[in-house]
Number of protein chains: 4
Amino acid sequence: MNPLRSIIATAVGALSLFTLTATIALAEDGGLPDPGFQIVAGETALLMTDPQNDFLSPDGVAWGVVGPNVEAVGTVGHIDDLFAAAKAFDMPVFVSPHYYYPHDHGWKIEGALEMLMHEIGMFDRSDALSVDGFEGSGADWLEQYKPYIEDGATIVTSPHKAFGPESNDLVLQLRKRDISKIIIAGMSANLCTESHMRELMEQGFEVMVVTDATAAAQLPGLDGYAAALTNFRMIASHVAETDTTASAIRALADN
Amino acid sequence: MNPLRSIIATAVGALSLFTLTATIALAEDGGLPDPGFQIVAGETALLMTDPQNDFLSPDGVAWGVVGPNVEAVGTVGHIDDLFAAAKAFDMPVFVSPHYYYPHDHGWKIEGALEMLMHEIGMFDRSDALSVDGFEGSGADWLEQYKPYIEDGATIVTSPHKAFGPESNDLVLQLRKRDISKIIIAGMSANLCTESHMRELMEQGFEVMVVTDATAAAQLPGLDGYAAALTNFRMIASHVAETDTTASAIRALADN
Amino acid sequence: MNPLRSIIATAVGALSLFTLTATIALAEDGGLPDPGFQIVAGETALLMTDPQNDFLSPDGVAWGVVGPNVEAVGTVGHIDDLFAAAKAFDMPVFVSPHYYYPHDHGWKIEGALEMLMHEIGMFDRSDALSVDGFEGSGADWLEQYKPYIEDGATIVTSPHKAFGPESNDLVLQLRKRDISKIIIAGMSANLCTESHMRELMEQGFEVMVVTDATAAAQLPGLDGYAAALTNFRMIASHVAETDTTASAIRALADN
Amino acid sequence: MNPLRSIIATAVGALSLFTLTATIALAEDGGLPDPGFQIVAGETALLMTDPQNDFLSPDGVAWGVVGPNVEAVGTVGHIDDLFAAAKAFDMPVFVSPHYYYPHDHGWKIEGALEMLMHEIGMFDRSDALSVDGFEGSGADWLEQYKPYIEDGATIVTSPHKAFGPESNDLVLQLRKRDISKIIIAGMSANLCTESHMRELMEQGFEVMVVTDATAAAQLPGLDGYAAALTNFRMIASHVAETDTTASAIRALADN
């Protein structure tokens, strides 16, 4: 028996919100095991990647390629639901933003989407030590999330600079608070959200992803959202939709 | 003008093997820029992830889910072609293997595919300090690659333990040899190959992926190969097939 | 009041083995606070760096420069005492070894002691996939520690390649077992032991160091042991000697 | 012959500014090899850690413990000399600052000096997205360095949060500009400066430290500066004083 099971069975103060599916041997029916995920008070946090205008506002520079998916999935409302549920439960909330400064435009090495983001001025700020022009810019938070993010409790990390948290303080901030279980949502699905999922797992966190509180760029022949759904399911410990996740968080608050 | 262009234009001793496509503004036609990739002697290496029996041999434990894709793509032969081209050119070759030891089966936290790999005994070795039973096992190299890997020049890193190189010495070994440009191939596409691509980019390497010298698990509703192709194109500096890549490497050798 | 205090005060199942010293304000008497360290069953591990012949055996290649300090401090016996105490308590034990392979001698970039270690053949092994000539070599465990390290429970990580665990799987292995508190000992004090302490703290672990279960090279004008003692005290959450530490571990076993 | 030598011998466009000392075998006279360091245009950067008021101004909260060493070593002027030399040569300059936000005071795990820094309010800022009260605060740059840091060319990274650059974007920013050789100076010697040196070496950079353009806390029985000098010499590829280093940088500018 996998040790994970017995650990979970004896967890104290945890809500068994996601039923562990039986592990189906691959040889039998092609199924993939679902390790499951328990929300444990004091150990679990909500992580939101890039809840910023350039992805989520119709005025954002990336709206042309992500907007249709954001609207089809209902991403803006689902992210709001997760924020609200976490705040109702006093679950720690972490936000990992994406900012580019003028000097980032001097990089000699760029991947395809890095090149694109720089060319369209995505997430641009004038300087790390200035907020001139920041309010309402593409790099700013989506307006409706500001009450959650600016409540004095949400922990905003330094910006990630590629796609994952390797270049910011997210892992340290989580560990300094004894957080080991992460519920991930935010933008964009196959880029920063997925790179955060992958890196947090490399660092030994237990991770689940909320599949309809994210969205991605969809270009001809390149469906970022479909790619992300595949990888979330194959790699994370669990995937679930917003309704299930938010209900579980609220149920824990009622305990 | 993007600084990448002028850098490349003035590179000395490099072969302009991949023509830089014109960067097409997103707003105009939905195109994605292709930063391109130059093979520069002394700065470029071939990286092969998991060229091991459990993925690539019909006797491997994962063959049931990856075998059809391996055969359809021609992965085994393409990996061989890349190894041969790199060796003909004396291009540095790095291999990042995947091994699990008995103690790894005691992990309390597992993702879906980690749980599966442990359950089917994938990449299992008896001990880091023993090679008893290793020869010909699922963790061993595919037999036809041994002349390349065991030639005394190929650098085999410590095993990665999740999917990316965060837990081994790959980045250090590359940097200790002034390698900054990486051609990635190997198994499996959306897991270890993609996690290596992502992490090497987080570490500032310039990366291209050879899209038909890899393959992935394909499960009902979960096409790992399609997911990987999307992410390779969106994230890396360039993607190409084996023929183009091997020809470019050989052309450099002829200079 | 620092939140650390209240956390510790309410910890369940933990042994208050190190009395927290009162935090003395710097301005008053130049004192340095001592955050203290609690051994909590299931969360705490013993980490041993480089318990290998080249440092600890009179036949080791580095004995000339570290031997006098090893003997003066009583390092060999103290490391043994810690191993014994941890095994008596079933405390998880991790060992992070140091190995160099032939390809490591091709590094183009070296620090002073890296250059020296390569020149004297320290920690050399013939190949990661061979143990020919390993038994009894400078890279092998000190003979008297083998019963502890080879008991089937001790977790031996991949080798670190510079001084810290950045290039091996130590952090992942600890996190995959929910270990967040580390008692560090081993060789050598200001190099691998200290680099492990620093990196584990960067990763958010709570760390204490056993100051007489380590030792260092002492060269004219360069006292590695004195440097390490200063940095252990300034940086870690606590320092203690072997007697105190081993007693605390054993007391927990008696609970 | 060590491969480092031949590489250096054939470097193009580099200034042989630090004579490589002969490598003295340890067995003969206890000497430590000095790998040396070459300043290569386009590959070499100056890195300054924590050039901030709390360490370097008589009004800073840490002046009581570091001030005497800062004055004895002449640190403030030497840092200025290095900045001036680098700017005269157009050498890339990176600054890695240290900031704490209100949420950092909620860490459950702290080392000794982390606890102290939080207690004395060192490097405190009100919020990452606000500069209210920042001007002239302990977290601000020492006034005389502002012309160098705010010239539009200096790259200021995100803040490091423990002591090393693991939690910021320094490594990525360096690599994105093809920088592989680092001249390190700044505050404080055995904490952030040394942790930056160690981590950059773990990442495969070639590193030298300017030993009189730094300083450290000196407490009864705990001389941070002496500890740092020992570790700089043992670990880095080279150490030198400001005069030698600045002259070498300026000589390169004159070529």
Of the criteria (1) at pLDDT 95 or above; (2) more than 27 Å from residue A:205 (Cβ to Cβ), which one residue A:132 fails
(1)
Restricting to helices (runs of 4 or more DSSP H) lying wholly in the range A:44-135: which have 3 or more residues that are within 11 Å of another protein chain (Cβ to nearest Cβ) and free of Cβ contacts under 8 Å to residues at least 12 places away in the same chain?
A:112-119
Breaking point among (1) farther than 25 Å from residue D:201 by Cα; (2) buried (at least 24 other Cβ atoms within 10 Å of the Cβ); (3) in contact with a His (Cβ under 6 Å, 6 or more places away or on another chain), for residue C:242
(2)
Is it the case, given these coordinates, that residue B:204 is more than 26 Å from residue B:145 (Cα to Cα), at the interface with another protein chain (Cβ under 8 Å from one of its Cβ atoms) and either buried (at least 24 other Cβ atoms within 10 Å of the Cβ) or touching a residue at least 60 places away in the same chain (Cβ under 8 Å) (or both)?
yes
Condition (residue is at the interface with another protein chain (Cβ under 7 Å from one of its Cβ atoms), closer than 24 Å to residue A:171 by Cβ and in contact with a helix residue (DSSP H, G or I) (Cβ under 6 Å, 6 or more places away or on another chain)) applied to the range D:173-181: is it met by at least one residue?
no
Where the second residue is buried (at least 24 other Cβ atoms within 10 Å of the Cβ) and part of a loop (DSSP other than H, G, I, E, B) and the first is more than 8 Å from chain C (Cβ to nearest Cβ) and among the hydroxyl-bearing types (Ser, Thr, Tyr) and lies in the range D:213-237, which pairs have Cβ atoms under 9 Å and are six or more apart or on separate chains?
D:214/D:187; D:214/D:188; D:225/D:188; D:225/D:214; D:225/D:215; D:225/D:216; D:225/D:217
Just to check your reading of the model, which residue among A:72, A:41 is surrounded by fewer than 21 Cβ atoms within 10 Å (Cβ to Cβ), in contact with a strand residue (DSSP E or B) (Cβ under 8 Å, 6 or more places away or on another chain) and of a type in the set (Gly, Ala, Ser)?
A:41
Residue A:216 passes all but one of (1) in contact with a strand residue (DSSP E or B) (Cβ under 8 Å, 6 or more places away or on another chain); (2) closer than 18 Å to residue A:83 by Cα; (3) of a type outside the set (Ser, Thr, Tyr); which number fails?
(2)
Return yes or no: is residue A:155 within 23 Å of residue A:101 (Cα to Cα), within 14 Å of chain C (Cβ to nearest Cβ) and not basic (Lys, Arg)?
yes
Among residues of the range A:164-178, those that are without any contact (Cβ under 8 Å) to a residue 40 or more places away in the chain and within 12 Å of the chain's Cα centre (by Cα), counted
1
For the structure I just gave you, tell me whether residue C:81 is charged (D, E, K, R) and within 16 Å of residue C:216 (Cβ to Cβ).
no
Only one of B:181, B:146 is farther than 21 Å from residue A:201 by Cβ, of a type in the set (Lys, Arg), without any contact (Cβ under 8 Å) to a residue 40 or more places away in the chain and surrounded by fewer than 22 Cβ atoms within 10 Å (Cβ to Cβ). Can you tell me which?
B:146
I'd like to know if the range D:5-20 contains one or more residues that are crowded, with 20+ Cβ neighbours inside 10 Å, at pLDDT below 95 and out of contact with any helix residue (DSSP H, G or I) (no Cβ under 6 Å at 6 or more places or on another chain).
yes
If we ask which residues in the range C:238-253 are at pLDDT below 95 and either within 14 Å of chain D (Cβ to nearest Cβ) or over 22 Å from residue C:75 (Cα atoms) (or both), their number turns out to be 3
Within the range C:187-195, identify whether any single residue is buried (at least 22 other Cβ atoms within 10 Å of the Cβ), modelled with pLDDT of 95 or more and over 23 Å from residue D:166 (Cβ atoms), and answer yes or no.
yes
In the range A:136-167, anything more than 21 Å from residue A:77 (Cβ to Cβ) and not in a loop (DSSP other than H, G, I, E, B) is listed as A:155, A:156, A:160, A:165, A:166, A:167
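The values are calculated or read from the model by the stated rules, or taken from the named source; none is laboratory data. Nothing here was measured: the structure is a model prediction, and the numbers come from that model. In this analysis, Cβ positions are derived from the backbone assuming ideal geometry, glycine residues included, and neighbour counts consider all displayed protein chains.
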